[in-house]
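Written out below as structure tokens is the structure these notes cover.
Coordinate-derived values only; no laboratory data. Fair warning: this is a prediction, and the values are worked out from it, not measured in the lab. Cβ atoms come from the backbone with ideal geometry, glycine included; neighbour counts cover every protein chain shown.
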Amino acid sequence: MGDAVMAEFGGAASYLRKSDKERMECQTRAFDIKRECYVPDPEVEYVKAIITSRDGAKVTVNTEFGKTITVKEDDVHPQNPPKFDKIEDMAMFTFLHEPAVLFNLKERYAAWMIYTYSGLFCVTVNPYKWLPVYDQSVVNAYRGKKRSEAPPHIFSISDNAYQYMLSDRENQSVLITISDSEKQKKALLAKPELSLKHRIKENI
């Protein structure tokens, strides 16, 4: 679904999916899959880094902040190729691990793309501001589309549940959970310890 098709979403388009130009720029970015990685950081959890040398179970890297550090081999997590930058469904990652999930959500959030799929889950990061992604034109754009046919959004989840209810004549449930700051990381990795806030069941 490129720019021409995303025009249906109006002013919300840039908050929902990368533009064709951005996708092309990602695909042409230089990338070394053997050297580019994530490593732990005491201040910001994880940082991007480039491997400069290996010595047994020790790996020396240059971080994105200009530091040279040595870490254990087990603490080095490979980065995904550029085509996965700001990916909409993290289940598609070549390398699915904690820093990949956190960086993807961080980078999508920086572009105000607050909805991201993780397999069956739709992860939402609270923007603490109103975004133009809830008006009637957006509702209409999602109506009748399969989840794979549109960008991540709660409207897609609800409309698909409604369509399945109509076609299958069976109950549908939408589970909405919220995490506190201590549990947030586990929630993003789809292993949540969350409190149930709402459960919807509707019969026809």
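Tabulated results
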item	result
Packing-based order for 51-63, 15-27, using average beta carbon neighbours within 10 Å, highest first	15-27, 51-63
At R0 = 41 Å, FRET efficiency that the Cβ-Cβ distance of LYS146 and LYS21 yields, to 0.05	0.95
For the chain, calculated [θ]222 nm from helices alone, where every DSSP H run of n ≥ 4 adds -39500 (n - 2.57)	-7500 deg cm²/dmol
For the chain, diffusion coefficient by Stokes-Einstein and Kirkwood Rh (Cα), 4 °C, 1.567 mPa s, µm²/s	68 µm²/s
Over 27 Å between alpha carbons, listed pairs LYS21/LYS72; LYS83/LYS145; LYS58/LYS83; LYS86/LYS146; LYS18/LYS67; LYS21/LYS67	LYS21/LYS72; LYS58/LYS83; LYS18/LYS67; LYS21/LYS67
GluC sites (Glu not before Pro) restricted to DSSP loop in the stretch 82-171 with at most 16 other C-beta within 10 Å	GLU170
3J(HN,Hα) from dihedral phi, the stretch 67-83, Karplus parametrisation 6.51/-1.76/1.60, rounded to Hz, x for glycine, proline	8, 10, 9, 10, 10, 6, 4, 5, 8, 9, 10, x, 7, 7, x, x, 5
Alpha carbon convex hull of the stretch 32-78, volume per residue in cubic angstrom	65 Å³
Loop sites in the stretch 104-164: chymotrypsin sites (Phe, Trp or Tyr not before Pro), DSSP, at most 15 other Cβ within 10 Å	TRP112, TYR128, TRP130, TYR134
J(HN,Hα) series, the stretch 148-165, from Karplus relation 6.51 cos²θ - 1.76 cosθ + 1.60, nearest Hz, glycine and proline x	6, 9, 8, x, x, 5, 5, 5, 5, 4, 5, 5, 5, 4, 5, 5, 5, 5
Order of LYS145, LYS72 - criterion: other Cβ atoms within 10 Å of each residue's Cβ, fewest first	LYS72, LYS145
Over the stretch 32-78, relative contact order from alpha-carbon pairs under 8 Å, at least 6 apart, %	35 percent
Percent of Cα-Cα distances greater than 16 Å, calculated over the stretch 1-56	64 percent
Theoretical gain in end-to-end length, LEU166 to THR63 [0.36 nm per residue, Cα-Cα removed]	31.9 nm
The chain, dipole about Cα centre (Lys/Arg Cβ +1, Asp/Glu Cβ -1), debye to the nearest 20	160 debye
Distribution of pairwise C-alpha distances over the stretch 1-101, 5 Å bins, in %	2, 12, 19, 18, 16, 12, 8, 6, 4, 2, 0
For the stretch 62-103: span of alpha carbons on each principal axis (Å, largest first)	32, 21, 15
